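A short worksheet on the structure shown next.
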Amino acid sequence: GAWAVTQDIRLALTLLVGLPALQDFQHSQRARQDIATLKILLFSSREQALHLAEPVTLCPYNANQQCSNNWNLPLMVFTDRNNNQRLDADETLLNQTTAGHSNSLRTFSGQLIRFDARGFAGLNTGSFSYCYQAVQTHSASFVISRLGRIRRGGDSNNDGIAELANGQNVPCPG
C-alpha cells in the first residue's frame, strides 16, 4: 500500500518536472525546423532563378494563388514570367510551405521576394524575419541585398533575439 503511494508520488513529481522541459524541447525543435525551412526557401528561390534563367518569386499566397502581404499565410515559390504576382497556368510552382504556427510570426518589408534571372533581388530587399514565442523565444532573420545575397541576421546586443538589418529585434507575436 504505502510503497504504491510512494511510487505514484514519484511518478507525479517526475511528470510535473519533466513535462515542461519536454514541451520546451518540442517548441525549440519546431522553431529550428521552421527556420531551416525558411532558409531553404530563400536560398533555393535564388538558385532556381539562376538555374532556370528566369525570374522566381517567393511570397505568401491567398486562396486565389495570388501574393499577399500576410507572411504567416502559406508560402510559395514560382516562376512569375509576367510579374503579376499570381501563379498562372503557364507558370511553374517550384516549392511551397504551410502557414505559420499560431505562436510564430513571419515578416518581410514587402509583399514578395523576387530574384531575376541573374539572381539579383533588385528592389525586393530587406529583412525576412521569424519569431516563435513559447516559454523561450526562438528567432531568426535573413537579410536580402540588391545583389540577391542572403545573410543571416545577427544579435549584436546578445539578448537572444535576432535582429533586422536596421539593428532592431525581429517582431515577435504577443
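The values are calculated or read from the model by the stated rules, or taken from the named source; none is laboratory data. These numbers were taken from a predicted model, which means no experiment stands behind them. Please note: Cβ atoms are built from the backbone with ideal geometry, for glycine as well, and neighbour counts cover all protein chains shown. Each accessible area value is taken on the protein alone, full model and side chains, heavy atoms only, with ligands, DNA and RNA left out. Shrake-Rupley method; radii C 1.70, N 1.55, O 1.52, S 1.80 Å.
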For S68, the accessible surface traced by a 1.4 Å probe with all protein chains present amounts, in square angstrom to the nearest 10, to 20 Å²
Carbon and sulfur atoms account, in whole percent of the 1.4 Å probe accessible area of the stretch 87-170, for 48 percent
Which of D80, D88, D116 fluctuates most in a GNM of the chain (C-alpha springs under 10 Å)? That residue is D88
At R0 = 22 Å the Cβ-Cβ FRET efficiency linking T92 and N72, nearest 0.05, sits at 0.35
Length-normalised contact order of the chain, Cα under 8 Å, at least 6 apart, in percent, tallies to 17 percent
Evaluated at 37 °C and 0.692 mPa s, the Stokes-Einstein D of the stretch 132-173 based on the Kirkwood radius over Cα pairs, in µm²/s, stands at 301 µm²/s
With every protein chain kept in place and a 1.4 Å probe, the residues R86, R149, R30 fall, from largest accessible area down, as R149, R30, R86
To the nearest 10 degrees, the tilt of helix 2-52 (Cα long axis) against the first principal axis of the alpha carbons of the chain is 10 degrees
Once all protein chains are kept in place, F25 shows an accessible area at probe 1.4 Å, nearest 10 Å², of 120 Å²
Given a 1.4 Å probe, the accessible area of the chain per residue, as a whole number of Å², is 56 Å²
Under 5 Å from the placed amide H of L94, counting only residues 5+ away or on other chains, we find V77, F78, T79
Percent of all alpha-carbon pairs of the chain at distances over 29 Å, whole number, is 31 percent
Expressed in square angstrom to the nearest 10, the accessible area of L105 with a 1.4 Å probe stands at 40 Å²
